[in-house]
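Before any comments, here is the structure.
The values are calculated or read from the model by the stated rules, or taken from the named source; none is laboratory data. None of these values were measured; they are calculated from a predicted model. Because the Cβ atoms are built from the backbone with ideal geometry, glycine has one as well, and the counts that use them run over all protein chains shown. The area values use the complete protein model at the heavy-atom level, side chains included, leaving out ligands, DNA and RNA. Shrake-Rupley method; radii C 1.70, N 1.55, O 1.52, S 1.80 Å.
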Amino acid sequence: MSTSKTPRAKLYPISANDYLSISELKKLQLEKMQSIVNHAYANVPFYKEKWEQASFHPDHIASLEDIQNIPFIMKTDLRDNYPFGLFAVPMKDIVRLHASSGTTGKPTVVAYTKKDIQVWAQVMARTFASCGLGPDDIIQNAYGYGLFTGGLGAHYGSEELGATVIPVSGGNTDRQIMFLKDFGSTGLCCTPSYFTFIIERAKELGFDLHELPIRVGIFGAEPWTEEMRKHMEKKSGIKAYDIYGLSEIIGPGVASECEAQSGLHIFEDHFYPEIIDPETGKILPDGERGELVLTTLSKSANPMIRYRTRDITTLKKYACSCGRTIRQITRITSRSDDMLIIRGVNVFPSQIESALLRVPDITPHYQIVLFEKEGLDNIEVNVEATPEVFNNNLDGMQTLQAETVHSIYTTLGIRVKVNLVAPNTIARSEGKAQRLIDQRNK
Ligand code: DLL
């Protein structure tokens, strides 16, 4: 077993589709777009009706830009057609269902044919490969197994890569740490918030993650920041990579960082991306920030054509130093529906995370409490100081609190009340963290 974090010599033979010329990629995308649009029209009455109302017919797709004539769809369309109304193949061809739990109402249900599962495994293998993992690696998969797509998505991807997967699922943190040590896992898949918990617990148990073989973290399913990456890499000695995906499109495996850690490559041969102005729906050019709209080019069980993700990002204009030609999106730090307006200022929870983690002795364990004051939305931040400062140093606590308020002020331009709370009082997450506590009476 390796005991150092030396990179593997042998890499997974990476997909040629990561390196197509722009004209080759566009040709492939157009063929696939024509085929999937025809498939959706012929087999999903919802699409046929919606497109006829918009005077769109699949024959109108002569170039990639023609997709702009198709109306958008969104999560409510999946809910309105619950459970199987958007499926485009008979149930006998569907081999798997997943569902994402909405905050309200019915879950959204998604389906896969055998071929869809293969594509998913391939894009996840490409994800792992681009994060520096290969067949020699042992991947500890702490994404939740079940209806959530994280667990099985990463599982099949690890096997496709030829790596050894440990299907440990989320939770049981002491056992996670035991496996990291005893099995010598070199890659770990989980949410970034769960990894901060693993770091903390490993320290309590007397393990130094720097000393263990783990060298790569595959983190996604929730927003996280560059400051969080720095924190995690410093505390563990691993390289932390950002991966992105959503159930409606496939699960994880839509986009992934590479060794350059400077944006997430979208697997454009399977997912056609557009960026729109979330207010007007107008398409924005590469380099401008807006809402990501995705079209599945390969998914036959339930094709998603122009699905509004609500995730805010930018399609990068310039090629990546890694040589891949598929475009990159910037880190997704917000959704169009998680913006708060506090005293007239737009606030995204991730800005608060950045501000907090710039302060030494502040931990990544925080919650934003949203409440109403005099008819307006207001927030307070509860965050844990390090035990060293919290337990021993009253003066230090006052200084730390002032520094934290100031850091938020310089980031947001407003003063926000900060409560430094005792170590271990903020709930730890084993999956997606709940950072926002909404106490408004709505
Ligand atoms: O979270 C799929 C996934 C699993 C992605 C494991 C990565 C790793 P859903 O539960 O449907 O699917 O949630 C999708 O999570 O629309 C984003 O708002 C958010 N999200 C996912 N990855 C990231 C990320 C999975 N890297 C929703 N950064 C998406 C920010 C992310 N947000």
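Worth a mention:
- Between the Cα long axis of helix 114-130 and the first principal axis of the chain there is an angle of about 40°, rounded to the nearest 10.
- Of all accessible heavy-atom area on region 174-268, the percent that carbon and sulfur account for (1.4 Å): 54
- P(r) histogram, all alpha-carbon pairs of region 192-237 included - 10 Å bins from 0, percent: 26, 59, 15
- Per principal axis, descending, Cα span of the chain in whole Å: 71, 61, 40
- Computed over protein heavy atoms with a 1.4 Å probe, the accessible surface of the chain works out to 43 Å² per residue.
- The angle between the Cα long axis of helix 394-412 and the main principal axis of the chain comes to about 30°, on a 0 to 90 degree scale.
- Within the chain, longest stretch clear of exposed GluC sites (Glu not before Pro) (DSSP loop, no more than 13 other Cβ within 10 Å): 1-278
- Straight Cα distances below 17 angstrom link Lys239 to the lysines Lys5, Lys230, with same-chain residues fewer than 8 positions distant left out.
- Cα-Cα pairs of region 340-438 separated by more than 18 Å (percent): 44
- Our summary gives the chain a relative contact order of 14 percent, counting only alpha carbon pairs under 8 angstrom and 6 or more residues apart.
- Helix-only mean residue ellipticity at 222 nm for the chain, each DSSP H run of n ≥ 4 adding -39500 (n - 2.57), per residue, nearest 500: -9500 deg cm²/dmol
- Neighbour cut-off at most 14 other Cβ (10 Å), DSSP loop, trypsin sites (Lys or Arg not before Pro), region 235-341: Lys282, Lys317
- Solvent exposure, largest accessible area first (probe 1.4 Å, DNA, RNA and ligands not counted), of Asp361, Asp395: Asp395, Asp361
- 37 °C / 0.692 mPa s Stokes-Einstein diffusion coefficient of region 239-382, Kirkwood radius on C-alpha pairs, µm²/s: 193
- Summed residue charge, Cβ within 15 Å of Ile414's Cβ, Lys/Arg positive, Asp/Glu negative: +2
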